[in-house]
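Laboratory data are not the source of any read-out in this text; all were calculated from the coordinates shown. If you're wondering where the values come from, they're calculated on a predicted model, not measured in any experiment. Cβ coordinates were reconstructed from backbone atoms using ideal geometry, including for glycine residues, and neighbour counts include every protein chain displayed.
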């Protein structure tokens, strides 16, 4: 009887030990994977954090013009209606209310990689990255002072934070008609640097998303068409945006990287895909996007999020030098975004002059 009791006790102890080991492995696994889960969530339209649902939608996806497969990708924090008025808050006005955290993250995991950069390909097209990188650009800039690059903003009112203090107040509204607070400031820096490098560029600051957010892309199409008519020499059109990453608990995420002792916002280059007509330039634009992505990473390691290649147009069907680029999110600071604008301009200048 004693022998049987001893066997039962030993078996129970062994079972308890196995359960303890398994539990510790699960805990370790969860802890070690949190960072990877967060980064993966930021690359999806709507995935979950371990501490809440994630909204990581590109700001380009609007209800009126987004393709069907991306209709769910409208930012939770940015759903202005036809009658909504943009609320201004002067810089010297104290903020109030609840504060929410701002967390930094470096987004780098796409669903394919090549050399020093990654790609998020959501199409059924089999990418030959090496061929795209070795191809000639589908356009050539002339060696003159004519305007050949147009920088514009479909969502001109997209703005950034002004301070990097790890939090934001609940009364922070990520849209403003004050260009110094948002993507307009980044576009200005981009154009200034292009001009310094001898490339003729022009910056449009028309408010395409104010007072109405809906119809923004139709209005920006009219704008770039007018510029092309005024400056037939334009070869490159870049729609500059910023992204948004916010969890249900109010936490905002900002993608950053460090270069030369300073912090800057990560960028996301977008290239559209279409084989059913109406988008004859998609492959040309993909060549442009891929080569710009590679050069940005060569010059400024960590600068880019995965190149986003998907079934959308977003006015990139205008010509064979059209791209949409997201600079940071609404949780990055203006300074971080403008620093990236400088880096982007340097890489773009080098690529266009090759």
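The per residue volume of the convex hull around the alpha-carbon atoms of the range 158-214 is 101 Å³.
A straight chain from residue 299 to residue 144 at 0.36 nm per residue would run longer than the Cα-Cα distance by 53.2 nm.
Provide the FRET efficiency to the nearest 0.05 for the residue 229-residue 177 pair, computing r from the beta carbons and using R0 = 35 Å. It comes to 0.85.
Apply the Kirkwood formula to the range 100-352: the hydrodynamic radius equals the inverse of the mean of 1/r over all pairs of different alpha-carbon atoms; give it in Å with one decimal. One decimal place: 18.3 Å for the Kirkwood radius.
For the range 231-330, the Kirkwood hydrodynamic radius comes to 14.7 Å, computed from all pairs of different C-alpha atoms. Cβ-to-Cβ counts within 10 Å put 338, 296 in ascending order as 338, 296, the fewest first. Quick one: in the range 146-272, what % of C-alpha pairs are over 23 Å apart? Result: 39 percent of Cα pairs exceed 23 Å. Label-to-label distance for residue 96 and residue 197 is 4.7 nm, based on points extended 7 Å past Cα in the beta-carbon direction. A simple packing score, the average count of other Cβ atoms within 10 Å per residue, orders the peptides 228-234, 264-270, 327-333 as 327-333, 264-270, 228-234, with the highest score first.
When the Cα centres of the range 305-354 and the range 131-150 are compared, how far apart do they sit, in Å? Cα centroid to Cα centroid, the span is 16 Å. With neighbours defined as other Cβ atoms within 10 Å of a residue's Cβ, the residues 147, 184 order from fewest to most as 147, 184. The length gained on full extension between residue 127 and residue 276, counted as 0.36 nm times the residue separation minus their Cα-Cα distance, comes to 51.9 nm.
Exposure proxy ranking for 126, 115, based on other Cβ atoms within 10 angstrom of each Cβ and starting from the fewest, stands as 126, 115.
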